[in-house]
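In what follows, a single structure is set out as structure tokens and then discussed.
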Amino acid sequence: MAERLIVVGGDAAGMAAASQARRRRGRADLEIVAFERGHFTSYSACGIPYWVSGLVPERDQLIARDPATFRDRFDIDVRLRHEVVAVDLDRREVVARDLAGGGEVREGFDSLVYATGAVPVRPDWARGDVAGVFGMQTLDDATALLDWLEGEPRPRHAVVVGGGYIGVEMAEALIQRGLTVDLVEQAAQPMSTVDPDMAELVADAMREIGIGIRTGRTVTGLAERDGQIAAVVTDEGPIPADVVVLGLGVRPNTVLAEAAGLPLGPTGGIRCDRRMRVPGAPGVWAAGDCVETLHRVSGMPVHVPLGTHANKQGRVAGINIGGGYATFPGVIGTAVTKVCDLEVGRTGLRERDATAAGFEFVAVLAESTNRAGYYPGARPMTVKLIAERPSGRLLGAQIVGWSEAAKRIDTLAVALWSGMTVDEMTALDLGYAPPYAPVWDPVLIAARKAVDALAAADRR
Ligand SMILES: Cc1cc2nc3c(=O)[nH]c(=O)nc-3n(C[C@H](O)[C@H](O)[C@H](O)COP(=O)(O)OP(=O)(O)OC[C@H]3O[C@@H](n4cnc5c(N)ncnc54)[C@H](O)[C@@H]3O)c2cc1C
């Protein structure tokens, strides 16, 4: 008789695991059932800001594989609109509620992949049901926002609460749709994924495209008129709004896991070993935004909810379930985004992370350009490096600049991943031609500056 794999959560991590398992084991050997409570499988939440802005015209362009494709090509039984409400590890079965048709089903499993993603952080003031207020996590959230934006009376002024990368991307999307936008952030700058000196460059670019940046403000409530949003109330007064987008961060979605007794780590994410097995729960695997992972530089557990990790972790789980061998080695915190044409990249530790991890370090900022200074289109690029003292090992890097900035972070990510020192980096054989870089690439200039800073620190 075929074994049965149950997948809870039908997006990046869950369906990567399911399809990898299927590639290694045929239907006669492994039956695969995936439960997804939403309307879609394998969709790109990452693409939502570009759909909302209009750059990507159709929602379906964000769907990589629909249930029919999984059924026909992978022989995976996807059950949409089915929410798993209980996982019973002793009886080895899940209970799923049919959200469309009503009723419940019970399905037994030999293996289980827990891939329920993350849930948005919602302070008390955001828990009510005010029309015109939207979280932005799923295609359904984005559909609801677009319906509101296209409704009457046409919303004209948006407030985005939260200046993380989702808030920043959504603010830009709303500007591109012709709304006026204020972004409210409790911290001194938006974009706290980079250090304040780099975030200030991002804030400048946001102001240039017309986003009103209200930093250092705490939202205390929402004011409504006739059940519809009228203003976001802050400790410094109300900001009028006829549409509000919440970007307050996420936490691992572990409700079922906790009830089932699966172990959680200090970040609140499910603990997994390197093969994505959940310790103490034979046959149970977890992957994606619901798990915590190892930060390879700080050595600490972290929760880094990114699609790039969800796909890799799901793949690792699926290979192992399929009888192969794969491990997920942890993360170094590489991420990229943009505000219009200004690109932002980061990898490794920020200054505050390096301090929290107990490192001695120097931090340098190098100003350069993305192309040879004389080449048309040359624009400023700022590279920040954080290097351990006295070893010189790269601990973190950030880049803000125009074209060719964001993906340059990958050079630095590889250097960091492989444990290079900034001294070794000064000799890296990077490509040069005037349309792509100055003769000294910004990465090399920053590495040289870091070497000088280390020497100066040693002399002190
Ligand atoms: C607007 C936005 C932009 C983003 N941009 C980027 C980016 O540029 N780069 C990047 O790397 N990442 C980005 N991300 C993050 C990325 O989308 C997530 O990290 C990724 O989707 C996580 O995949 P996952 O499978 O772990 O979780 P999810 O994608 O959240 O999928 C989990 C699925 O489980 C389902 N589910 C949950 N509970 C149950 C249950 N009990 N029963 C059945 N189904 C259940 C949910 O409906 C959901 O579909 C972005 C996210 C958003 C929202």
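The values are calculated or read from the model by the stated rules, or taken from the named source; none is laboratory data. Everything numeric here is computed off the predicted structure, so don't read it as measured data. As a convention, Cβ positions derive from the backbone with ideal geometry for all residues, glycine included, and neighbour counts pool all protein chains shown. Accessible surface is based on the protein model in full, side chains and every heavy atom, while ligands, DNA and RNA are left aside. Shrake-Rupley method; radii C 1.70, N 1.55, O 1.52, S 1.80 Å.
Brief remarks follow.
- Most tightly packed first, judged by the mean number of other beta-carbon atoms within 10 Å of their residues, the peptides 68-74, 283-289, 306-312, 454-460 read 283-289, 306-312, 68-74, 454-460.
- Apportionment of accessible area to carbon and sulfur, the range 343-401, percent (1.4 Å): 50
- Where H303, H39, H295 fall by accessible area, highest first, once all protein chains stay in place (1.4 Å): H39, H303, H295
- Distances between placed amide hydrogens fall under 5 Å for F134 paired with V244, V245, L246, all partners being 5 or more residues away or on another chain.
- Between V255 and Q61, residue separation times 0.36 nm minus the direct Cα-Cα distance comes to 66.7 nm.
- Under 16 Å from the Cα of K449 - lysines, other chains or at least 8 residues apart: K384
- When each full DSSP H helix of the chain is screened for a Cα extent of at least 20 Å along its own axis and an average Kyte-Doolittle hydropathy of at least -1.0, the helices passing are 307-321, 442-459.
- Under 16 Å from K407, Cα to Cα: aspartates and glutamates that are on another chain or at least 8 residues apart: D341, E343, D441
- The residues of the range 301-396 have, on average, 39 Å² of accessible surface per residue, using a 1.4 Å probe with all protein chains present.
- Convex hull of the chain built on C-alpha atoms - directionally averaged projected area, nm²: 24.5
- Built amide H within the under 5 Å cut-off of A86, gap 5+: V95
- Within the assembled protein chains, the solvent-accessible surface assigned to Y165 is about 80 Å², based on a 1.4 Å probe.
- I209 paired with W440, simple spin-label distance in nm, labels 7 Å along Cα-to-beta-carbon: 3.2
- Where N is the number of residues in the range 339-444, Cα Rg divided by 2.2 N^0.38 Å: 1.06
- Share, in percent, of DSSP beta bridges within the chain that are antiparallel, nearest 5: 60
- Value of [θ]222 nm, deg cm²/dmol, for the chain, DSSP H segments ≥ 4, -39500 (n - 2.57) each, nearest 500: -7500 deg cm²/dmol
- Loop sites by DSSP among the GluC sites (Glu not before Pro) of the chain, restricted to those with at most 14 other Cβ atoms within 10 angstrom, leave 237-359 as the longest stretch without any of them.
- Share of pairwise Cα separations in the range 108-237, more than 17 Å, in percent: 63
- Based on Cα contacts under 8 Å between residues 6+ apart, the chain shows a relative contact order of 13 percent.
- As a ratio to 2.2 N^0.38 Å, the alpha-carbon radius of gyration for the range 249-334 is 1.00.
- Cα gyration tensor, the range 35-89 - rounded (a/c under 1.5), prolate or oblate: oblate
- Distance from the range 284-332 to the range 390-405 (C-alpha centre basis), Å: 24
- Between the alpha-carbon centres of the range 1-64 and the range 414-429 there is a gap of 37 Å.
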